[in-house]
Amino acid sequence: MKQRGVTVWFTGLSGAGKTTITQAIEKKLREHDYPVEILDGDIVRENLTKGLGFSKEDRDENIRRIGFVANLLTRHGVIVLVSAISPYREIREEVKARIGDFVEVFVNAPLAVCEDRDVKGLYKKARSGEIKAFTGISDPYEPPLNPEVECRTDLETLDESVKKVWQTLEEMGYLRKPVSV
Ligand code: ADP
């Protein structure tokens, strides 16, 4: 029996907590010897999708390419953790339909909280106009309508968020270890 792969897709505003949660889940999965990979939007944009910008067209292309790689890994039994703002609903739905084994996690904190955190100092630059087309400020974000998990990172602890995702993966049957016979 092979490990069943799945793509766990974390969407949300910059600073909502996608990277923090995916890294914590990665650590926990590794401790339990699950095959896991992270596709992080910021890192992907430095290599796989280098050269793409932030127009709707380029953002969708970025997500399509991440989805392509996530699908390959998922088919090979990997638990793929995607951390990407992925602001447009339609392309998220397209990737979900293609992969099938897909869990959407809405990492949700109010814009004011994300802006207050300003982890990378990007909101300040977006407000001053130094960065154009910044999601939540000068570019749209379309929240998921029916995510498998919602993490309200302004109201719950990191541990609680991790637990929610973990429980959902368990309930959906993705954390059953292959049994050797
Ligand atoms: P993103 O990857 O969505 O841009 P980051 O993970 O880089 O966001 O930053 C989120 C920030 O919010 C971190 O500084 C993190 O410590 C903080 N934070 C506070 N509560 C939570 C929580 N429950 N889950 C995740 N992050 C949280």
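Summary of computed values
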| item | result |
| --- | --- |
| Accessible area per residue in Å² at 1.4 Å probe, computed on region 78-181 | 54 Å² |
| Region 128-145 - phi-based ³J(HN,Hα) in whole Hz, Karplus 6.51/-1.76/1.60, Gly and Pro as x | 7, x, 5, 10, 9, 6, 9, 4, x, 10, 10, 8, x, 10, 9, x, x, 8 |
| C-alpha long axis of helix 158-171 to longest principal axis of the chain, angle in ° | 40 degrees |
| Pairwise FRET efficiency - Arg30 versus Lys163, Cβ, R0 = 22 Å, nearest 0.05 | 0.85 |
| Alpha-carbon centroids, region 1-35 and region 108-181: separation in whole Å | 12 Å |
| Distance between modelled label sites at Arg98 and Glu130, nm, 7 Å Cα→Cβ extension | 3.5 nm |
| Normalised contact order of region 15-122, rounded percent, pairs of Cα under 8 Å and 6 or more residues apart | 36 percent |
| Using alpha-carbon coordinates, inclination of helix 18-31 to the longest axis of the chain, degrees | 20 degrees |
| Cβ-based charge dipole, region 45-181, positive-most Cα from Tyr141, Gln167, Ala126 | Ala126 |
| Nearest-ten-degree value, helix 89-99 long axis tilted from longest Cα axis of the chain | 20 degrees |
| Hits among aspartates and glutamates - C-alpha to C-alpha of Lys124 under 12 Å, sequence gap 8 or more where chains match | Glu115, Asp116 |
| Listed pairs Lys50/Lys164; Lys56/Lys177; Lys2/Lys96 exceeding 30 Å between Cα atoms | Lys50/Lys164; Lys56/Lys177 |
| Heavy-atom accessible surface of the chain: percent carbon and sulfur, 1.4 Å | 52 percent |
| D_trans [Stokes-Einstein, Kirkwood Rh over alpha-carbon pairs] for the chain, 37 °C, 0.692 mPa s, µm² s⁻¹ | 197 µm²/s |
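The values are calculated or read from the model by the stated rules, or taken from the named source; none is laboratory data. This structure is a prediction, so every number in the text was calculated from the model and none was measured. Here Cβ is always computed from backbone atoms with ideal geometry, including for glycine, and neighbour counts include all displayed protein chains. Surface accessibility is based on the protein's heavy atoms, side chains included, excluding ligands, DNA and RNA. Shrake-Rupley method; radii C 1.70, N 1.55, O 1.52, S 1.80 Å.
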